[in-house]
Each structure stands twice: as C-alpha cells, then as structure tokens.
Amino acid sequence: MAHDSAGRTPMSERAASVTSPDDGEPHDEREAHEYEERATASPVTTGAEAVIRALENVGVEYAFGVQGGAIMPVYDALYHSDIEHVTMAHEQGASHAADAYGIVAGEPGVCLATSGPGATNLVTGIADADMDSDPMIALTGQVPTGMVGNDAFQETDTTGVTKPVTKANTFSSNPDTVGDDVGEAFALANTGRPGPTLVDLPKDVTLAETDSQPGPARVPDTYEVQERADDDVVRAAARRIEAAERPIMLLGGGVIKGDAHEECRAFAIDHEIPVVTTMPGLGAFPEDHELAMEMAGMHGTGYANMAITHCDTMVAVGTRFDDRLTGGIETFAPDAEIIHVDIDPAEISKNIHAEYPLVGDAATVLEQLAEAVTESPKATKWRAQCQQWKSEYPMAYQTPEDEPLKPEFVVEALDAATSDRAIVTTGVGQHQMWACQYWTFTEPRTWVSSHGLGTMGYGMPAAVGARLAADDDQEVICIEGDGSFLMTLQELAVAVREHLDITVVVLNNEYIGMVRQWQDAFFDGRHSASEYHWCPEFDTLAEAFGAKGFRIDEYDEVAETIEAALAYDGPSVIDAHIDPRANVYPMVPSGGDNGQFALSEDQL
Amino acid sequence: MTGGLEGPPPEERPRPAGRRNSQGIRIDPEVEAEPDTRRTVISALVKHEPGVLADVSGLFSRRQFNIESLTVGPTEDDERARITLVIEEPEPGIEQAKKQLRKLVPVISVRELEPDAMRRELMLIKVNATRPDRVAAVAEMYGGQTVDATPETATVQITGSRQKIEAAIETFSQFGIREISRTGTTALARGVEDTAARERPTPTYAEDGTPTSPQTTPSDDD
Ligand SMILES: Cc1ncc(C[n+]2csc(CCOP(=O)(O)OP(=O)(O)O)c2C)c(N)n1
Ligand SMILES: [Mg+2]
C-alpha cells in the first residue's frame, strides 16, 4: 500500500480491502470482474434490485429485519437473492442481532426495517452499535420522495432521528445511485473506526426502473484513515516505555475490532508488561495468563484498579477512556504518562490527555512500537507488586450452604462446561458484571455485550446474530437477567424457528438487581420500582415458545442442568434462581477514585 | 446484603501523589488551575450538499461546544461551501472541536485560523430617524452606508470586525435601536495561504523523548 508523507492511505485503496481479502491480484480488477459477471448474469432493473446487488457484491450472507409497506420493494428484490433473511420479532431485535453479527464476524451486520415505527424501533440497536463502534448497516424504507415532509402515513425523519447515533447516514433519492449509496454505507461501516451507517430508501426510488449496476463499495474521497503513526512519536513513546518503572498496557475494544490482539499479546509478553482490559476489551488478552490483571473500572478487579492507579506509564490501545473505566478523571492513573494508540484522532486527549498520541491502526502501530522498543522496562519490582495485589484482592466468593445459590458459581460452571471459543452475550445489570468477572475470557470476539449504551434486552437478540456468525463448534451462551430477558425474550421465537443452538441462562434474582444494589447503597434501601411482586417462570415460558426449559435452585443441580441444556440441539433456557441479595463487588462509585474501590457496601 | 470480597479496605491502601485536572491533564496537585478559555475561528471546507449545516450545528450542540457564531456560504467552487465557526473553549476543547469536525463525512478540510486572519461581519441596524443627519454621521464614522430611510426609520449597513460592530451598536443606541440583524463572522487567511488546507499538528519531543508542550498562539481576537 502506498502512503503519502503523513502516513495516510488514500481511501481509494483501502476501500478495496473492505470487499475482498488481499490475495495479490489487483483488487479493482478482480472486483470489477466479479461485479460485471453478476451484472451480466442478471442485470439490475430497479432501485431495490440495486440495493440487494450492492449487498451481494460485498459478500453479505445474512440480513435481520421485519417487513412493512415502505420497504416491501427491497424485500421483493431479496426474494430471489442468496442472502438469507432472518425475520425478527421486533426491529430492536434486528438491530441487536446485526450488531452482534458484526462483532463476531468482523464484517458489518445488516438490518432492515420499514419506515416510521420500523425505523424508530431500530434506533436503540443503532445507538448501541454507535457507542461500541460495531460495524453495522441499517436499511430503512421511507415514504415516496413526493410525500416526504407532508407527515405521510408512517413517515419519520429517519436520517434526522439517527444522525447523532450513526457514523454516517444518507437519504437516497436517486434510483441510479441508490446501489452505490448502499455500497458506500457498507464501506464506511467497516473502514477506520467501525460504526453503524444507515441508508434511507424512499419507496419510489426502490420501485423505479434503473439499469445502473452498482459499482465497487467505496468510502467517499473525503474520508481518510491514518494507518501508521508518526515515527517521531513512536520513537519518543518507545523511550518512555524503556524507561518505565511501573508500566501497564490497557487494551480496549479497538484491539479486538482492529484484529490487533496478537500484536498486543506479543508486545506485553515480550516486555513482561502487566495487562489490564476495559470491558469491551475482554478477550484481547488471555485472562489466565500471569500478566493478566483482567478488567479495570467500576466493577473491575481490585488488582486491575490498583495497577491502573499506580502505574507510571500506560500503553492504552483502542480505548476511549469511558467514565465507567476512568471513574473520576482527577484520580485516574494520576502518575502515568499516557501512550494512546487509536485509529480515531478525536479519541486522543478527549477525556484523558495523552503525552504520546499515536494515531493509526492498532496492529500497525503495535508493530511500529515493537520495532522501536529495544529494551524491556526494568519492572521486576512492579510485577511482583501486581502479583501481590492479585493475592491481596482475590475474587473468591463464599457459597454458604444455608444461603441461596450464588450467581458467580453459575457463571463459573458455565465457563467450565464450554470451550475457550464459546461466545457469551448478556443483558445489562448485575448478571452482566458477574459474567465479566467470573468468565475467564481468552479469545477475541467471544464477548458480545452492550457496553457504552448499557441496553437491557441486548442478550437474546444478540445471541441470534452471534449464532449465525459463529462457527458451528462455538457454543453461544446468553447470560440474562430476569428484567433484561423480559425486554426482548420474544426473539426466542426466532431462535426456535431458525433452529439456533443457543443456551440462555437467566440469573433470576426477581429484582431489577443492579438498581436494587444502588438503592441499598445510595438511597437508604428504598426499593422504588426495582422489586417484582410476580415474575414469569422462564422455563415454562421457554417451553411455550417451543424451546427447552430448565430450572436450577440448588448447587447440586447446576452442573448436570448446564450439561443437559448444552446437549439439547436447539434453543434452551435455564431459569437459575439465585440469591436475590447478591451484590456485585468490587465497586467504584460513579466519578470515584479507582484505587479506592469498595469491597462491600459499608466501604461505599 | 451479600457479595462482599476480601482485601485491605480503601483507607489502608497506598495512594498516588499525582492528580489530573478536569481536562484529564496531569497537574501539580498543589496548584489549583482551571484552564483558560480562548476564542478562535475555525474554517471548514465542506461538500455543498443538503444537511451539512445541520450536521455541523448538531455536532456542536450535541457535544456542548461553546459556539459564538456559525456562518455558511458558497465558495469559488460550486461543489464546496465554507463554514466559519467562532468558538470559545479551553485548549483541549478547541482541539476536540476540530477533530470532531474532521470526522463528519462531508467535511473536506478544517483549519483553525491565525489570529491575524481577516475576519468580517455584516450588520444591518435599524434605528429611529428622529435625527437623520446624526445617524448619517455615525454611519460614516464606522464606514457604513444608509441603505433605507423613511420618515420614521434609518437602516444602516456596517461591515467589520466583531469589536467594530459591537462598538457601532453601542454608538447607535443613542437613537433608539428598532432591530438588528448580524451575519456572524466570516474569515479568510491572509496572503497565499489556503484558509482550509489540511493541518495535523504533531507534538514535539526533547532529545530524551519527553514531550515538550506545543506552543499555542494566544488570540487577541479581531
Ligand atoms: C433499556 C434499559 N432500561 C433501563 C436500564 C437501567 N437499568 C440498568 S441495570 C437494570 C436492572 C436490570 O435488571 P435485570 O436484567 O434483572 O438484571 P440484574 O441486575 O438483576 O442482574 C436497569 C433497570 C437499562 N440499562 N436499559
Ligand atoms: Mg434481575
């Protein structure tokens, strides 16, 4: 690849890699050839066919959506396509499924919806993908252009509504270019820092005749991505790392999205630098490795938060220093000089000032750093300190016989019963935090959760998308809360209909548990709207959907029930009744000092 | 409630000596310093297409950038428009605003202008015409022209820097101001320099690798 003097890659070259892996043949030529073949075999005749052709050209295999008036022409064009469409129960489910598909596959997931309520139902999933920089493309039907602005039936200003929560969106007004608009949206979702894009498709545009065959998927020429970091800054950062006495690496979700986990692992291991991850960074570094300090932040491990607070040099890769990680800015890694690697220049020094800004692709920059660092930091004492913190702040929990089942035990039993490549999806709440803390993540793209937006109800539809993106030998486990599961459990119908092998485990505390925990800590125990007086039986509910239902109440039922649920070929639901009083610790209260994490309620 | 873990309590743990300010910059904990704000002009060359202005204004309100004025208009190229923004922010806020602007897909280039850049604003000011010759004299003093006169009103057009416009308003107020309309600041760089060429400042480092903070030119406005 050619680089200009600033190390930027012209987008015309990068865009090609969006659609085809580099195998030596000039991309443009081969792409053009494939496109032409398709165009000759069955030429596009309408705007809607151009939309579907654009998706076929970039190799889309699955789409998630719900039918409706304004999107019907697109669905009609899908009828003859090899793209497999999964009809979801709700458009929110479609957007979460597409998002999860994108996380696991590393290629944009596709969701479709009609105008008006279809489009607005997608919004939560789009916003979720935006916060977590997940590659996704949403295609929405729209009323015919002549009616736009007249408050027509099922008209919503979809591009207006989704502008703040998409990486880019566009109202497609021309049947001759609608296919290229879709290609561009796909390329944008997948290039540089990933994110959701949306194309709004008015019905007259998709119905209109056109003989214009969509060309290769290209990002617009105004969109540039810097691949390599500035060499001077790399050299300066290398000197800093060599001189560090208390170095850590902080690996974020960008490591996984940028497929940079191998480079990061090699760097940490070569130079014996302890590694902390963010929540989206789970799986970037094997948590069973000696250097792993695991997750830092609000519910991170005590040792991760001690390490992050006391380090003098931080190599932060692909993280946006979210407040759930940093706690109060004033007390975040206050002695550390920050080397920040990120593909998005706007993330550098946004929340935490970086002395060494390294803008570029994570894998490329880590290679640059690996080359520039000639001597490992002398940090024997620091590593010993980190190990000591590990023994001082163990994550060990009690399982007294006279108390109800502990959730940590269920999570560990699930982890033990599944392979290293098993995929975990979750809802949002305490159960999500127990999954972070007690599942030992060792592989990238196995942790599928709602981080930045914190969307309850994410887990079930995400499991549908993850299942279709995963390899057959990867188990898909959905760890849900009773509250979260109730928000989207209708997608279980889709899992049954599509014969998807998914194991849902509801950590059922009959509480909006995370809220209840905060009420106990910060609102004098007033359980306003966090307590259920009635909760459905999730095992019988599962059976009504046609899934297999199980229930766990006691420790001795855990292993065998999990085994039976995993063995069942199809979707199963385990309703695990856990201690309703169980709380998540450690905890750094919002805006607090990471080093002052609480180990129990009386320390808050 | 259950779920507590073992380990030394918060008050028994060592605490680091350092601290950061609210901008995430490490500071001497002894000196309390909130960073000063600076007013500056940012010029962006954008694709001339519907929605770009909404993109830019939406971005600035969403991210709570303190924006004083925003103007947009066509340029020498039919396909491009120029957006001129005046913002007042602490240094990191200015950097963040520029970076966020660059991320918008229809934005071609972004640049913060030098303090000596040409900045102009146009104002129409309508005052009571009880003393028409005095109004004309004040208009002349500010290099303006009377563009409409009726027995009751006089409307004057003034162009110039923000400070000049503000001074003019002050002086015209003696006649009784009926209405004012201002365009907001538009600006171009001086000389052969392109106003919205690419810029990407890289930090500088001393021999031993320690960062030397970039020099920021203070703006004296207008
Ligand atoms: C869509 C949505 N609504 C509300 C919230 C606020 N919220 C965060 S956690 C939580 C409780 C979740 O309850 P449950 O799913 O049962 O999980 P638990 O904490 O009990 O494990 C709530 C209401 C949210 N994160 N998302
Ligand atoms: Mg619950």
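Tabulated values for the structure
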{"read-out": "Region B:1-126 - Debye-derived log10 I(q)/I(0), Cα point model, q = 0.11, 0.15 Å⁻¹", "value": "-0.55, -0.79"}
{"read-out": "Hydrodynamic radius by Kirkwood, which averages 1/r over all alpha carbon pairs of chain B, in angstrom", "value": "21.2 Å"}
{"read-out": "Range in chain B, longest, excluding exposed GluC sites (Glu not before Pro) [loop by DSSP; at most 15 other beta-carbon atoms within 10 Å]", "value": "B:80-151"}
{"read-out": "Region A:514-597: trypsin sites (Lys or Arg not before Pro) in DSSP coil with no more than 15 other Cβ atoms inside 10 Å", "value": "A:526"}
{"read-out": "DSSP-defined beta bridges in chain A - what % are antiparallel, rounded to 5", "value": "5 percent"}
{"read-out": "Accessible heavy-atom area order of A:329, B:83, highest first, probe of 1.4 Å", "value": "A:329, B:83"}
{"read-out": "Share of carbon and sulfur in the accessible heavy-atom surface of region A:9-207 [1.4 Å probe, %]", "value": "50 percent"}
{"read-out": "Calculated diffusion of the protein assembly as shown, Stokes-Einstein form, Kirkwood radius summed over Cα pairs, 20 °C and 1.002 mPa s, µm²/s", "value": "74 µm²/s"}
{"read-out": "The protein assembly as shown - mean residue ellipticity at 222 nm from DSSP helices (-39,500 (n - 2.57) per run, n ≥ 4, rounded to 500)", "value": "-10000 deg cm²/dmol"}
{"read-out": "Rg/Rh (Cα only; Kirkwood hydrodynamic radius) as it applies to region A:532-604", "value": "1.18"}
{"read-out": "Per-bin percent of Cα-Cα distances, region A:467-604 [10 Å]", "value": "11, 35, 28, 20, 6"}
{"read-out": "Modelled FRET efficiency - R0 30 Å, residue B:114 with residue B:79, Cβ distances, 0.05 increments", "value": "0.65"}
{"read-out": "Across A:257/B:99; A:390/A:548; A:406/A:548; A:350/A:381; B:103/B:126; A:163/A:257, pairs whose alpha-carbon gap is larger than 30 Å", "value": "A:390/A:548; A:350/A:381; B:103/B:126"}
{"read-out": "Region A:9-207 pair-distance distribution - Cα-Cα, 5 Å bins, rounded %", "value": "1, 9, 17, 22, 22, 15, 9, 4, 1, 0, 0"}
{"read-out": "Chain pair A, B: total accessible area buried, heavy atoms, 1.4 Å probe, Å²", "value": "4500 Å²"}
{"read-out": "Inverse mean reciprocal Cα-Cα distance (Kirkwood Rh) of region A:222-290, Å", "value": "13.4 Å"}
{"read-out": "Residue order for A:520, A:569, A:270 - accessible surface, 1.4 angstrom probe, largest first", "value": "A:569, A:270, A:520"}
{"read-out": "Within the protein assembly as shown: Cβ-based charge dipole about Cα centre, in debye rounded to nearest 20 (Lys, Arg +1; Asp, Glu -1)", "value": "2960 debye"}
{"read-out": "Exposure rank, largest accessible area first [B:98, A:381; 1.4 Å]", "value": "A:381, B:98"}
{"read-out": "Ratio Rg/Rh [Cα only; Rh per Kirkwood] for region B:118-187", "value": "0.95"}
{"read-out": "Using alpha-carbon coordinates, inclination of helix B:162-172 to the longest axis of chain B, degrees", "value": "40 degrees"}
{"read-out": "Where Rh is the Kirkwood radius over Cα pairs, Rg/Rh for region A:231-392", "value": "0.91"}
{"read-out": "Radius, Kirkwood style, for region A:366-517 when every pair of distinct Cα atoms is counted (Å)", "value": "17.5 Å"}
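The values are calculated or read from the model by the stated rules, or taken from the named source; none is laboratory data. Remember, it's a predicted structure, so these values are computed and weren't measured experimentally. Note: ideal-geometry Cβ built from the backbone for every residue, glycine included; neighbour counts use all protein chains shown. Surface areas here come from the heavy atoms of the whole protein model, side chains and all, with no ligands, DNA or RNA. Shrake-Rupley method; radii C 1.70, N 1.55, O 1.52, S 1.80 Å.
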